Number of protein chains: 2
Amino acid sequence: MRRMSLRPENAQQARVLRLLRGNGPTSRAELGESLRLSRSKLALEIDRLTEQGFVESDGFAASRGGRRSSIVRLSRTTRFVGIDIGATSVDVAVTNGELDVLGHLSTEIAVYEGPTAVLGKALELVGKLRAEGVATDIHGAGIGIPGPVSFRDGVPVVPPIMPGWDQYPVREAMSQELGAPVLVDNDVNLMALGEHHAGVARSVDDFLLVKIGTGIGCGIVADGDVHRGVSGSAGDIGHIRIDDDGPPCTCGNIGCLEAYASGAALARDATAAARVGQSTYLAERLEETGTLSAADITAAVAAGDPTAVQMLRGSGHRVGQVLAGLVSFFNPGLVVIAGGVAGAGHSLLAEIRSVVYRRSLPLATGNLPIVLSELADAAGVVGGARLISDHVFSVSGGAEER
Amino acid sequence: MRRMSLRPENAQQARVLRLLRGNGPTSRAELGESLRLSRSKLALEIDRLTEQGFVESDGFAASRGGRRSSIVRLSRTTRFVGIDIGATSVDVAVTNGELDVLGHLSTEIAVYEGPTAVLGKALELVGKLRAEGVATDIHGAGIGIPGPVSFRDGVPVVPPIMPGWDQYPVREAMSQELGAPVLVDNDVNLMALGEHHAGVARSVDDFLLVKIGTGIGCGIVADGDVHRGVSGSAGDIGHIRIDDDGPPCTCGNIGCLEAYASGAALARDATAAARVGQSTYLAERLEETGTLSAADITAAVAAGDPTAVQMLRGSGHRVGQVLAGLVSFFNPGLVVIAGGVAGAGHSLLAEIRSVVYRRSLPLATGNLPIVLSELADAAGVVGGARLISDHVFSVSGGAEER
């Protein structure tokens, strides 16, 4: 069954669906109160939503004195898919209508192998989840990619680490394959949406999510919506220049934040330190594996290696320098630190906090929590499901969709 | 007549008022089409708006075949007031309902003299405009102040250059005095609103306005709305740290953008240059007046003094450094440069452009105009009128107001 065009018919129906997504099974009495709809008007909309397969009945609520109110819920067969494409891995999750994760698979990829190979692997994972019975009828998918995206067109735009992806019609191709509506966004935006929906930013409408992984990016949520910027590149903070005499960056410039503080920069510095004998821990690790990654540094930090701790603090210091300015500028209510390097945890966080609290405007930091991501690897896929459910649960061409 | 509580009764009426504000006198036929209201429904709303004194009839439109459609306009007596309080001056303007400026007066003040003295002078200017017959019945006022504001409470919050203003109830006090609703905002936010309404940012919904005056601040417009941040301090970029060994700043820290690039910093550097004989132009000026201001530098630049040109370029360079990061982060569609120092014009602008275009993400600058303010001294007062008209032309407690 193709669901491409199935959307609610009016704003009332869209509000019913979003309320059920957030609250789970709800009595008609409560729905009517929340939405300020009369019993008869609500019944009309629920009848239409039932006919379209969006909702179903779920028994009766406990009596509140009069007639027992029947309970409505999103159809048990509602399925959203979140796909999170990273530089070296792809995560696929399937959720129900309430966005609970029912199945989550992950596999290694190399994003530079191009869209056909990478999207093929994502589809394989969707197929596996389908075969396991987790997903049958897919209502929509939200896909995150590690680079700038034209959200309107659903295509990557000059993504630096993704040769072959520029202007590739990800949305159209995947929508064809899945037989369902698809939206494409930057991976960090999806992580921010995920934390906003079900993580540490649940009650916060203005916040920043900084992902420190192979690269460094920032998701911006303003007034409850992702701010994507006019070219879809908002939050691309990895190439903010820290100084004019810094290390060379993969982008061709020098002194970028990423060249100092990303997972790739840490791996580079760890290798150098191992080679000159600055750290026996890292030297042994290099000997064993032939190459060092950011994960080796976090392991070294966990083992108490002073050189690795110093490196991680250095990364936190540089991230803090950039973030201090962004906090003064944006005055967020929360900063979330995420990504592989953030896995190293509290010594990184302590350094970032120290720099931001010292350097940002006091008014902007007076009540500013800086915390680690709660959902970790699930943030992106939950954000993807959230993004596409916002779309599916809105009126086609309606004003609610921005 | 007290207008404190006069607001449209429903969203339809609010839309009529905002449409008339933007378009001027409009035929009922056009209004009905734009708002998708039937002739009878529209007539009903216009009758109510006429009774309340919001709108009036304005003759008949040319026939389009059938019956001639009557023209509706905002009441000719509608008056909004914009008040722009700066560090050293206050501007007051009165507009009609369409926000055309009918009268504009300015006087020197010292903002550190405190709210009673400064607001008193603003009220004197309002009184003069009233005496001239420009303003009779005031429908509302928007007030900008040079510091952080709690927009919700209408009070300044720890404003650094405004001793005595912290938590002063500016909104309540002025609302009492004027007998009309008042909103208070940061001065740079109002300038951004002004340029958005009637200046260079008319068609742009995501832009930054950077004011380089005695201090340095930034107005942020995201998706057509001012982004104020959770403490009202968003855009306070003057104290972003450029480096750790820079000149001392008035805020007590070192190396802030303002300590390098503000009008106050330029005046400090000009005085030093005059004293050591680096510039005969500035030395003569200092001899004449005993003190140098940013205005002396812009005069020196206009006269071709190489030292002054160098200083102004230095200011542009530092502003460009900070702005480059903010452009990568926010990905705006336009950057507007405003404020007293911007009066020096194109050599400043050229330097800012050069740094931003070189250092920001190419995707973010690919189609990014960086231009001078169009409204100059009128931006703040027009923005004030716009702000309060948005409030007066919205439903009380309505969802349109954010």
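The figures follow:
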| item | result |
| --- | --- |
| Cα→Cβ-extended label distance, 7 Å offset, between A:VAL158 and A:ALA11, nm | 3.9 nm |
| Beta bridges by DSSP in the protein assembly as shown, antiparallel share as percent, to the nearest 5 | 65 percent |
| At least 27 Å along the helix axis (C-alpha) and Kyte average at least -0.5, DSSP helices within chain A | A:306-330 |
| Shielding by partners, peptide B:236-245 (average Cβ within 10 angstrom, other chains) | 4 |
| Under 19 Å from the B:ILE254 label point (7 Å along Cα→beta-carbon), backbone N, the range B:191-218 | none |
| Pairwise FRET efficiency - B:THR88 versus B:ALA303, Cβ, R0 = 22 Å, nearest 0.05 | 0.40 |
| Solvent exposure, largest accessible area first (probe 1.4 Å, DNA, RNA and ligands not counted), of A:PHE60, B:PHE54 | A:PHE60, B:PHE54 |
| For B:142-149, mean number of other protein chain Cβ atoms within 10 Å | 1 |
| Chain B - percent of accessible surface contributed by carbon and sulfur, probe 1.4 Å | 49 percent |
| In Å², nearest 10: area of A:THR107 left accessible to a 1.4 Å probe | 50 Å² |
| Antiparallel DSSP beta bridges within chain A, percent to nearest 5 | 65 percent |
| For chain A, Kirkwood radius (reciprocal of mean inverse C-alpha pair distance, Å) | 22.5 Å |
| Exam field: A:THR116 pseudo-label spacings to other copies (7 Å along Cα-Cβ), nanometres | 8.0 |
| Value of relative contact order over chain B, rounded to a whole percent, pairs C-alpha under 8 Å and six or more apart | 17 percent |
| Label point 7 Å beyond Cα along the C-beta direction, distances from B:THR88 to other copies (nm, shortest first) | 5.8 |
| Charge-dipole axis of chain B as Lys and Arg at +1 and Asp and Glu at -1 on Cβ define it, positive-most pick from B:GLY82, B:THR307, B:ASN253 | B:GLY82 |
| Those lysines that a straight Cα-Cα span of less than 16 Å connects to B:LYS128, excepting residues fewer than 8 apart in one chain | none |
| Overall dimensions of the range A:11-74 as given by Cα atoms, namely Rg and Dmax in Å | 10.7, 32 |
| Ratio of the Cα radius of gyration of the range B:141-298 to 2.2 N^0.38 Å, where N counts its residues | 1.21 |
| Within 10 Å of each Cβ in B:324-336, the average number of Cβ atoms from other chains | 6 |
| Chain B: most fluctuating residue of B:ASP185, B:ASP91, B:ASP100 per GNM, C-alpha cutoff 10 Å | B:ASP100 |
| Kirkwood Rh, Cα atoms: Rg over Rh of the range A:245-402 | 1.07 |
| Stokes-Einstein D in µm²/s, Kirkwood radius over Cα pairs - the protein assembly as shown at 25 °C with 0.890 mPa s viscosity | 85 µm²/s |
| Shortest-first nm distances, B:THR136 label point to equivalent points in other copies (7 Å, Cα→Cβ) | 7.4 |
| Antiparallel bridges, percent of DSSP beta bridges restricted to the range A:201-373 (to nearest 5) | 60 percent |
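The values are calculated or read from the model by the stated rules, or taken from the named source; none is laboratory data. All of these numbers come straight from a predicted model, not from anything done at the bench. Heads up, the Cβs are rebuilt from the backbone with ideal geometry, glycines too, and the neighbour counts pull from every protein chain shown. The area values use the complete protein model at the heavy-atom level, side chains included, leaving out ligands, DNA and RNA. Shrake-Rupley method; radii C 1.70, N 1.55, O 1.52, S 1.80 Å.
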